[in-house]
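One structure below.
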Amino acid sequence: MKLASMARGHANLRNQIRHQNSKWRRAKQGAALVDLWLSFGSWYRYRSISRPPYRSRAAMIEYPAGRIDYREQGSGPTVLFVPGSWSTGALWRDVISLLGEGYRAVTTSLLGYGETEERRTPDDVSIEREVDVIEAVIQHTNSVVHLVGHSYGGTVCLATALRDRTKVASLTLIEATPFSLLRRSGDLELYEQVRAMSDAYARSYGNGERLAARSVIDFYGGEGSFDALPSRTRDYIVATTPTNLLDWSSAWSCDVPLVAYAGITTPSLFVRGERGHPAVRRVAEVLSDAVSGSSLVTVPGASHFMTATHATDVARLIGEHVAKVEMLR
């Protein structure tokens with residue numbers, strides 16, 4: 001099922017959201033579940049019913065290896081927003097709106113999501129294929145960009161900085177997930193915890209369990225998170241599970257020695273949520289220690305899906321970081 005189909009049936013969606021919001025706020029993991037539901041593009045499409053049109057300009061990039069999702073709006077310093085798994089550029093709509101005028105906001109989607117065509121195969125899951133996408137988008141902007149990524153998108157941004165073939169003015173990585181870093185840093189208990197979940201997820205889907213993605217959603221949002229989601233959201237997750245499995249394989253392929261991160265000279269900001277998973281929080285800490293001159297910020301009360309529930313904080317942090325770097329250029 002494509003994400004666009006999830007925008008249908010607005011009247012039913014309104015009723016579902018009212019019901020789910022009431023249910024979630026009573027649940028022990030209520031806040032985390034709201035975070036999760038907010039993070040999917042279907043919610044943003046629903047919200048657009050009562051909001052002004054999203055004033056971005058669409059211009060697909062026809063790349064030799066396949067089409068790439070591309071939208072932009074505004075003028076000023078170019079900020080490229082990279083979403084994570086199960087997301088499109090719509091993930092950033094509220095953050096971009098809150099960031100305000102004075103920026104050229106560019107969004108894209110990673111391989112297999114939105115209008116970006118998949119080009120990975122089981123035999124070629126290298127994260128370099130994702131980096132190819134980001135580099136193509138950067139080249140299309142014809143400018144130096146401030147790179148912003150969330151979750152798996154943050155991992156792709158990190159890999160882009162490590163390859164260092166394009167002009168990146170700054171990095172802002174929000175709840176990035178390069179979990180191989182935990183093995184390099186000696187955090188073996190956390191590493192094995194994530195690895196065991198990821199491997200079990202892949203085996204489960206390979207054995208025919210269509211709801212295998214439940215383990216991933218519950219990993220980030222808490223036990224019961226997947227089952228509490230609206231059926232349309234669960235259907236979308238199930239339909240795109242093969243793409244997400246490729247994402248995990250690509251993410252594990254991003255495995256370089258800690259010393260390599262010292263080579264990143266781009267001004268970098270690492271953002272984590274106070275309520276995020278311990279493994280993700282630790283990754284941000286390791287990155288801030290490894291990347292020279294970087295900063296680490298913990299957003300109070302936020303979890304993995306802070307781009308939705310804490311959009312004001314996220315927009316402020318991005319704006320401050322970009323402004324600081326622009327002053328020094």
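Screening LEU296, LEU328, LEU269 for residues that are buried (at least 21 other Cβ atoms within 10 Å of the Cβ), closer than 21 Å to SER170 by Cα, out of contact with any Lys or Arg (no Cβ under 7 Å at 6 or more places or on another chain) and among the aliphatic types (A, V, I, L, M) leaves exactly one candidate, LEU269. A single member of TRP252, TRP248 is under 18 Å from the mean Cα position of the chain (by Cα) and surrounded by fewer than 21 Cβ atoms within 10 Å (Cβ to Cβ), and it is TRP252.
Taken over segment 234-288, the residue count meeting the criterion of being of a type in the set (Gly, Ala, Ser), more than 14 Å from VAL156 (Cβ to Cβ), assigned to a helix (DSSP H, G or I) and touching a Ser or Thr at 6+ places or on another chain (Cβ under 6 Å) is 1. Residue count for segment 276-290, restricted to those that are surrounded by fewer than 18 Cβ atoms within 10 Å (Cβ to Cβ) and either touching a residue at least 40 places away in the same chain (Cβ under 8 Å) or aliphatic (A, V, I, L, M) (or both): 1. Against the numbered list (1) over 23 Å from VAL95 (Cα atoms); (2) touching a strand residue (DSSP E or B) at 6+ places or on another chain (Cβ under 8 Å), ILE318 comes up short only at (1).
Return only the number of the condition from (1) assigned to a helix (DSSP H, G or I); (2) open to solvent by 10 Å² or more (accessible area, probe 1.4 Å); (3) under 15 Å from THR155 (Cβ atoms) that ALA323 does not satisfy. Only one criterion is unmet by ALA323, namely (3).
The values are calculated or read from the model by the stated rules, or taken from the named source; none is laboratory data. Being a predicted model, the structure only gives us computed values, none of them experimental. Methodologically, a virtual Cβ is constructed for each residue, glycine included, from the backbone with ideal geometry; neighbour enumeration extends over all protein chains shown. Each accessible area value is taken on the protein alone, full model and side chains, heavy atoms only, with ligands, DNA and RNA left out. Shrake-Rupley method; radii C 1.70, N 1.55, O 1.52, S 1.80 Å.
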